[in-house]
Structures are given as structure tokens and as C-alpha cells.
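The values are calculated or read from the model by the stated rules, or taken from the named source; none is laboratory data. What you see is a predicted model, and the numbers here were worked out from it, not measured in a lab. Neighbour counts run over all protein chains shown; Cβ positions are idealised from the backbone, glycine included. Note: accessible area is taken over every heavy atom of the protein model, side chains too, but ligands, DNA and RNA are not part of it. Shrake-Rupley method; radii C 1.70, N 1.55, O 1.52, S 1.80 Å.
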Amino acid sequence: MTAPRTPTTAEELRGAGLRVTAARVALLETVRAGDHLDVEALASGVRDRVGHVSLQAVYEALHALTAAGLVRRIEPAGSPARFEGRVGDNHHHVVCRSCGVVADIDCAVGEAPCLSASNDHGFSIDEAEVIYWGLCPACSTARSS
Ligand SMILES: [Zn+2]
Ligand SMILES: [Zn+2]
């Protein structure tokens, strides 16, 4: 009896119906190792792993990974899009108004959508995306001193 093996990143890409390229593997690994990174930060992470990859190629790969559900894109107002590997759990985010740092906030009730709309307009709602805004600990300390 063998224990179930965790699939490699390449197998996950294949399993999601994506063509496996070194850049895509590096990108998915960079997204997962990072914390809500933006495209620029992801591009430099990918280049550290596999050498030169154009920004355009990074955008295309991100689009494919996001469409395949392997990566989640969040786009807080006034901030560049950010990407994360924590997908499918309907968690929310808190964004610092001052420095833009992002942190995860677990779903309020643990299942999607975690908020009931006061009026659903007849829609069958399956997701609620909430962004909390405020000041991170470092910025509130800086402000009060
Ligand atoms: Zn801050
Ligand atoms: Zn997140």
C-alpha cells in the first residue's frame, strides 16, 4: 500500500488541462510561495527560477492559471491586481489604506457565500467577495507616534 503522493506542479497544470511550460510551473510556484504578489513581483520571481521571461508571457500565463482555477486574482481599488494560490475557499481580504499590504481573512461562516445579500434580485448567489479596508499594525503605529 502506498500513501497518496502529492501531485507535482506540472501534474497539476496537466490535470487542469493546461500545457506544461517551465514558465507556468515557475509562475504557479512563485504565486504559491508569495503573499498576494503583483505582476511585477511575480515576474521577478519567475525570472529567478527560470531565467528571462517577458512580462507579456507572465500576463498570459497568469490569465491561463486564473481561468483554470489554480490561481485567484484580487484587485483592491487603487492597487494593482494581486495573485494568490489559495483558491476555492471564498476567503476575504483586508487591505491597508496606507501601504497597500494585503492579508487573508477567513470566510465569516466557512462556506460560500459567507454573506447573505439583503436583496438577491432573484440571482442564485454563489460567492461574496469582501474587501475590508484599514491600517495595518505598522502603519497605525507610525501614524500614532
Ligand atoms: Zn500599512
Ligand atoms: Zn488571500
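Is it true that some residue in the stretch 13-26 is under 13 Å from the mean Cα position of the chain (by Cα), surrounded by 13 or more Cβ atoms within 10 Å (Cβ to Cβ) and touching a residue at least 40 places away in the same chain (Cβ under 8 Å)?
Let us first name the residues in the stretch 13-26 that are under 13 Å from the mean Cα position of the chain (by Cα), namely none.
Looking for residues that are under 13 Å from the mean Cα position of the chain (by Cα), surrounded by 13 or more Cβ atoms within 10 Å (Cβ to Cβ) and touching a residue at least 40 places away in the same chain (Cβ under 8 Å), one finds none in the stretch 13-26, hence no.
Using the structure shown, decide if D126 is closer than 30 Å to T21 by Cα and not assigned by TED's automatic domain parsing to the domain that holds A16.
On the way: closer than 30 Å to T21 by Cα: no; not assigned by TED's automatic domain parsing to the domain that holds A16: yes.
Taking the combined requirement at face value, the residue does not satisfy it.
Take the stretch 71-82 and flag every residue that is open to solvent by less than 40 Å² (accessible area, probe 1.4 Å), away from ligand 1 (no atom under 16 Å from the Cβ) and out of contact with any Leu (no Cβ under 6 Å at 6 or more places or on another chain).
R72, I74, A81
Can you pull out every residue in the stretch 21-52 that is more than 20 Å from V87 (Cα to Cα) and either in contact with a Phe, Trp or Tyr (Cβ under 6 Å, 6 or more places away or on another chain) or in a loop (DSSP other than H, G, I, E, B) (or both)?
Once the filter is applied, which keeps residues that are more than 20 Å from V87 (Cα to Cα) and either in contact with a Phe, Trp or Tyr (Cβ under 6 Å, 6 or more places away or on another chain) or in a loop (DSSP other than H, G, I, E, B) (or both), the stretch 21-52 yields T21, G51, H52.
Among the residues of the stretch 83-128, write down those that are within 15 Å of ligand 2 (Cβ to nearest atom), open to solvent by 40 Å² or more (accessible area, probe 1.4 Å) and at pLDDT below 90.
To start, the set of residues in the stretch 83-128 that are within 15 Å of ligand 2 (Cβ to nearest atom) comprises 83-96, 100-108, 112, 114, 127-128.
Keeping just the survivors that are open to solvent by 40 Å² or more (accessible area, probe 1.4 Å) gives 86-89, 94, 101, 103-106, 108, 112, 127.
Scanning the stretch 83-128 gives G88, D89, D106, A108, A112, E127.
Being touching a residue at least 24 places away in the same chain (Cβ under 8 Å) and on the phi > 0 side of the Ramachandran plot is the requirement here; does G51 meet it?
Working: touching a residue at least 24 places away in the same chain (Cβ under 8 Å): no; on the phi > 0 side of the Ramachandran plot: yes.
Answer is no for this residue.
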